[in-house]
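Okay, structure first, notes after.
The values are calculated or read from the model by the stated rules, or taken from the named source; none is laboratory data. As the structure is a computational prediction, the values presented were derived from the model and not from experiment. Neighbour counts run over all protein chains shown; Cβ positions are idealised from the backbone, glycine included.
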Amino acid sequence: MEKKKKLTVHNKSDKPDNIVISDQALIEQCLEVEAQLPVFMKDFFIYLKNAVALTTRHAYLNDILFFCKYLVLEGSITAAKNPYEISLDEFNKITARVVNYFIGEYCSRYIVENETSKKIIENHNPSLARKKSSLSVLFKYLYRDEKLKNNITDGFNPIRLPKPQPDAIKRLEIDEVARLLDVLETGAAFTDKEKIYWEKTRLRDRAIIILFVTYGLRLKELNQLNISSFNFSRGEFKIYRKRGKEVLMPINRTCEKVVKEYIELERPKSVLLNEESKDALFLSLQKTRMTTRAIRNLVKKYTAYVLGTTVENGYSPHKLRATAATSLIQQGFSIYDVQNLLDHENVTTTQLYAAHKKNVKREIVNNFEWLDE
């Protein structure tokens, strides 16, 4: 068995090493998927590499591989025994009807089985829409690149997605956030056994939750934070958004206080850490960078206490992002300011949170009187 080589970073960019390493792991996963796909898609792989975010590239490639595996399994289009062997001539035989059946019938519910188990996979319209999008991008590119004779994407069936409803957005109310912070501060909701663990991580957990509800950070953005991300003398810290976009965020007094207290009073000292963990901000009890899964579980655990539910039904970090958005709007900030803070590409996303502002019509007309009493 070949010994795994140690990965080192020769980094001449401003991007921290931990993000470079994380991106490299995802790039390697993309390359593994590409190696299983037909060789005539090679130019398409290059297009994806430069056209979309890394996570989107990975999702598209997996969707396309799944479709090619379906073609092999179904057998009417190709005689290939695996996706790699599918020829361009065979791909030219694919019609919109084939894709529509794959998405609308096969993908909606299928069974994955091995020697010991069978699993039912059920996809609803949002998942089906993404698979359709992945295939649309592929077929349009191959047509534009003159590899396919026809652009079959015009014949793809529409997939109706439910219009986002403001009332369906799950988030914490302001009074629930106050209770959440109280639980973090006092540990009052915990059993004696739970308090033993809480005592070891309470400053870390408080800093994580407060950063989420203040800035509406994405899970990955918080996971990637380093001590060197923070410049307290300038009152700011650095995060990396989608597509590696570097953003400086101002830090308020509350966030500065909780982060500093965690670093100074609870976080293990650098001499006790391995080289990879020395700069990581949020550490596990094993003295390594917290994983996204661990952070998600932490958030679900604390929010479950506030909501009076099980940990499984607690809120995810994305619900705290929604909490930050609605709280800011209820405090009177404009949707454009909130859009900028949360990095929404489209202001209509932010407008969904604005609909949560209670009695907004009444407030407007009551403060816009034409006649004095």
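Quick notes on this one:
- Against the numbered list (1) surrounded by fewer than 12 Cβ atoms within 10 Å (Cβ to Cβ); (2) without any contact (Cβ under 8 Å) to a residue 12 or more places away in the chain, residue 198 comes up short only at (1).
- Test: residue 77 is surrounded by 17 or more Cβ atoms within 10 Å (Cβ to Cβ) and either over 28 Å from residue 240 (Cβ atoms) or out of contact with any Leu (no Cβ under 7 Å at 6 or more places or on another chain) (or both): yes
- Some residue of region 201-224 being exposed (fewer than 14 other Cβ atoms within 10 Å of the Cβ) and closer than 21 Å to residue 289 by Cα: no
- Residue count for region 281-310, restricted to those that are hydrophobic (A, V, I, L, M, F, W, C) and under 20 Å from the mean Cα position of the chain (by Cα): 7
- When region 192-244 is filtered for residues that are farther than 18 Å from residue 317 by Cβ and small (Gly, Ala, Ser), the ones remaining, listed by number, are 228, 233, 235, 244.
- Any chance residue 121 is of a type in the set (Val, Ile, Thr) and touching a residue at least 24 places away in the same chain (Cβ under 8 Å): no
- Matching residues, region 252-277, being outside any helix (DSSP H, G or I), touching a helix residue (DSSP H, G or I) at 6+ places or on another chain (Cβ under 8 Å) and not acidic (Asp, Glu): 252, 267
- Residue in region 22-33 that is charged (D, E, K, R) and more than 26 Å from the chain's Cα centre (by Cα) present: no
- Residue in region 270-278 that is small (Gly, Ala, Ser) and at pLDDT below 95 present: yes
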